[in-house]
Structures are given as C-alpha cells and as structure tokens.
C-alpha cells in the first residue's frame with residue numbers, strides 16, 4: 001500500500017512537470033492514503049470503466065469501433 | 001481523440017520512466033471523455049509479475065488496437081501523439097531531478113523492504129539511465145531516441161503475449 005501511495009506521489013510530480021512546461025500530456029493525479037501494509041483508501045475514478053470490462057460489454061467490436069459509435073464519426077467534433 | 005492521445009502519451013511516459021508493469025486491460029480504465037487512466041501500481045521500478053521472467057519488455061504499451069484507434073501509424077493523429085511524446089519526454093528530462101530525488105528519498109527510507117527496490121541501487125541508476133541514455137545528450141538527440149522507443153513499442157509481441165497470458169490465466173480480454 002505504501003508503494004501505491006508512493007506511485008501516486010510520483011504521478012503527481014509528472015502531472016506538475018507537464019503543467020509547468022505547458023505540455024499537453026495528461027495523467028490523472030489521483031490520491032491514495034496508505035493506512036497499513038495491506039490497507040488504505042483509494043480514490044474512485046469517476047465515469048470510467050476498465051478496457052477489459054468495456055470489451056466484455058461491446059463483445060466483438062474493436063476499441064476503434066466503440067470510439068466511433070460513442071463519440072461520433074472520425075471527422076466529427078466529438079471524435080476529434 | 002485529443003483526450004485519448006494526451007492521456008496515452010502521459011501514461012506511456014509515466015509507465016516507461018517508472019517501469020510500471022502488469023499493464024493488462026483490467027488495469028487500464030477509459031473514461032467518458034476518452035481519457036485512459038492507469039490503476040494498480042503493485043509493480044514498478046524494479047519488480048514485475050512472474051518470478052524473474054520479464055514479459056513486458058516494450059517501452060510503452062502501444063498495442064495495435066491503440067494504434068488502430070489513432071488511425072494507424074501514418075495518420076495525423078498519430079503524428080500528434082508522437083509530438084506529445086517528444087515534448088513530454090523533453091519536459092521530464094528537464095525536471096528529472098524532481099522524480100529522481102523522490103525515488104532516492106523513498107529508497108533511503110525503506111530500502112529493499114519495498115518491492116519496487118528489489119534491484120537495490122541499480123533501481124536508481126536504471127531510472128537515471130532512462131532519463132539520460134547516452135552521455136551529453138542534447139535536446140535534438142531526444143527526438144530520435146523517442147522515435148526508436150516508439151518503433152520498439154508498436155505492437156511489441158511481448159505485450160501482446162502478456163495479454164494472451166492474462167486471458168488464459170484470468171479471463172481478461174485483450
């Protein structure tokens with residue numbers, strides 16, 4: 001758990017460096033509070049699904065097909 | 001797509017520098033705006049799943065499916081993604097001391113009681129080598145370096161093989 005918290009501190013550092021240098025790379029600086037070796041509090045990432053679960057839901061479609069369906073055609077505003 | 005490539009670039013760099021492993025599709029989220037978000041950092045820096053056998057050798061997890069989402073390696077979106085990796089890499093090298101010092105402090109405090117420091121001092125020197133792979137590297141040299149990391153990553157068979165292994169072992173779709 002300490003290691004997970006350590007990782008989020010590093011992610012935060014990356015996040016700040018990207019901001020500082022005005023680079024458009026994006027990471028989600030989420031928070032973990034370690035309370036012991038095997039325990040801790042982890043922030044929930046809202047409105048998100050693992051790619052694995054997503055693929056179980058969309059069955060045989062590829063990720064690209066899902067994107068096109070969800071965000072609109074490749075030249076549309078939603079997709080870009 | 002902009003959100004997708006910005007987050008893919010961000011996490012590619014993060015996973016590369018910190019050597020975050022166990023990157024199968026159950027540990028990568030996708031949000032409603034198209035960002036990807038990595039979770040589960042049980043393996044980083046010098047430890048990886050599998051006792052001593054290292055599966056995930058690719059610098060970035062750049063599967064053919066991600067590449068397909070961007071419209072292939074010759075698309076304008078992929079070009080943008082490449083530019084993001086260049087500028088992100090250079091920014092991180094410029095401020096690499098901030099990352100290195102955090103890792104060094106953690107090592108000083110915990111030593112190899114933390115899994116990520118299994119390789120002891122080599123953990124730190126390997127990290128530094130990823131920021132400064134050759135002596136006297138200038139900014140212009142980094143473009144070529146990042147390009148070669150991208151080439152190496154594009155559908156690296158070890159990444160694909162790891163996804164297949166996870167599918168067989170745990171039913172995680174690839």
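Where a number appears in this text, it was derived from the coordinates with a stated rule and is not lab data. Just so it is clear, the model here is predicted, and its values are computed rather than measured. Every residue, glycine as well, gets a Cβ built from its backbone with ideal geometry; the counts of neighbours run over all protein chains shown.
Here are the numbers for this structure:
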quantity	calculated
Scattering profile of the protein assembly as shown at q = 0.13 Å⁻¹ [log10 I(q)/I(0), Debye over alpha-carbon scatterers]	-0.84
GNM flexibility winner over chain A from A:51, A:11, A:41 (Cα, springs under 10 Å)	A:51
Modelled FRET efficiency - R0 25 Å, residue B:57 with residue B:90, Cβ distances, 0.05 increments	0.55
Relative contact order (%) - chain A, alpha-carbon pairs under 8 angstrom, separation at least six	21
Label-point separation in nm, residue A:43 to residue A:22, each point 7 Å along Cα→Cβ	2.5
Between segment A:1-56 and segment B:1-45, the alpha-carbon center distance in angstrom	9
Three-way shape call for chain A based on the alpha-carbon gyration tensor, with the a/c threshold at 1.5	oblate
Rounded if a/c under 1.5, otherwise prolate or oblate - segment B:53-129, Cα gyration tensor axes	oblate
Globularity index of segment A:1-45, i.e. its alpha-carbon radius of gyration over 2.2 N^0.38 Å	1.29
Cα→Cβ-extended label distance, 7 Å offset, between residue B:151 and residue A:60, nm	3.8
Relative contact order [Cα under 8 Å, 6+ residues apart], chain B, whole percent	32
Calculated FRET efficiency for the pair residue B:98/residue B:140, C-beta based, R₀ 30 Å, to 0.05	0.80
Residue among B:101, B:90, B:150 with the largest mean-square fluctuation in a Gaussian network model of chain B, springs linking Cα atoms under 10 Å	B:101
Cα long-axis angle, helix A:2-20 against chain A (0 to 90 degrees, to the nearest 10)	60
GNM top mover of B:58, B:48, B:108 - chain B, alpha-carbon springs below 10 Å	B:108
Rel. contact order, % - alpha carbon contacts under 8 angstrom, at least six apart, segment A:1-45	43
Gain in span if fully extended, residue B:31 to residue B:122, counting 0.36 nm per residue against the direct Cα distance	29.2 nm
CD proxy at 222 nm, helix term only [per DSSP H run n ≥ 4: -39500 (n - 2.57); per residue of the protein assembly as shown; nearest 500]	-16500 deg cm²/dmol
Global form of chain B, assessed from the alpha-carbon gyration tensor, a/c cut-off 1.5	oblate
